[in-house]
Amino acid sequence: MDSEKLRETIVGTLKRREAQKIDFHCGSRAVNRSILNQVVDRLNNGKLFTDPDPSALSTPSAEAQYSPRKRTLFFKSEDYGSVSSAEQGTIVHESVHAGFHVIGHGEKFLRIDNEPSAYLAEAFFLVNCGWRFEEISNRPMHLQLAFTIALNMRSQKRSSVSRDDLKLLRNGIARLELGYDTETRFGTDKDYQGIPK
Ligand SMILES: [Zn+2]
């Protein structure tokens, strides 16, 4: 069931300065405010939907996922992202998937860059919100890696992910990409012990 409250939270999050500042290249993909604004427009025009339905998520520990088939952003509750910037980061993440889907995947896009782009967008959002590394030390490993890369890119004033960092992100995340048509975010990833050097 489409939720107006959730739609307002998502639109409000994507319109935040911390989201609108996001602007980077990750391999074959570019992520910037125009992608996020495409999502905002389609949410407002009834071409993308929201659904606070935990039973629609693919596992009990999942918080959110975007379904291309249903053109729907699913979240675990109606007040998701209304307070927490961590949850708003997840909204940014899923919105990148939705944005890539609605603008279409041209020939130059590589599927392997979809997930790294979403994690990096989430990381840049948190960096722009003033998060420090200590605050994400208990978050999923791919987010920690993306956060470190985002901090380095910012301090070096680079807008493109380096070849080595892209390889790390692609390899780390490729294991998650096993061919499902929806994408799931998990609350924790207990296996991760540190940032690979
Ligand atoms: Zn994702």
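The values are calculated or read from the model by the stated rules, or taken from the named source; none is laboratory data. This one's a predicted model, so the numbers in the text were calculated from it and none came from an experiment. When we count neighbours, we look across all protein chains shown, and the Cβ atoms used for this are built from the backbone with ideal geometry, even at glycine.
Looking at Thr59, Thr50, which is the one that is of a type in the set (Val, Ile, Thr), touching a residue at least 40 places away in the same chain (Cβ under 8 Å) and over 19 Å from Thr13 (Cβ atoms)?
None of the others qualify; the one that does is Thr59.
Return the residue satisfying two criteria in turn: it lies in region 115-148 and is part of a helix (DSSP H, G or I) and of a type in the set (S, T, N, Q), and of such residues it is nearest to Ala174 (Cα to Cα).
Ranking the candidates gives Ser117 first.
Being among the basic types (Lys, Arg), over 25 Å from Val11 (Cα atoms), at pLDDT 95 or above and assigned to a helix (DSSP H, G or I) is the requirement here; does Arg154 meet it?
When the stated conditions are applied, Arg154 passes them.
Could you pull out the residue among Gly46, Gly27 that is surrounded by fewer than 15 Cβ atoms within 10 Å (Cβ to Cβ) and out of contact with any His (no Cβ under 6 Å at 6 or more places or on another chain)?
Answer to the check: Gly46.
Got a sec? Which of Val161, Val96 is at pLDDT 95 or above and away from the ligand (no atom under 14 Å from the Cβ)?
None of the other options fit; the residue is Val161.
Return the residue satisfying two criteria in turn: it lies in region 58-86 and is within 13 Å of the ligand (Cβ to nearest atom) and of a type in the set (A, V, I, L, M, F, W, C), and of such residues it is nearest to Val102 (Cα to Cα).
Among those that are within 13 Å of the ligand (Cβ to nearest atom) and of a type in the set (A, V, I, L, M, F, W, C), it is Leu73.
Report yes if some residue within region 87-109 is touching a residue at least 60 places away in the same chain (Cβ under 8 Å), out of contact with any helix residue (DSSP H, G or I) (no Cβ under 9 Å at 6 or more places or on another chain) and closer than 21 Å to Ser28 by Cβ; otherwise report no.
Yes.
Only one of Gln65, Gln88, Gln38 is touching a Gly at 6+ places or on another chain (Cβ under 9 Å), over 17 Å from Cys129 (Cα atoms) and not aliphatic (A, V, I, L, M). Can you tell me which?
After applying the criteria, what remains is Gln38.
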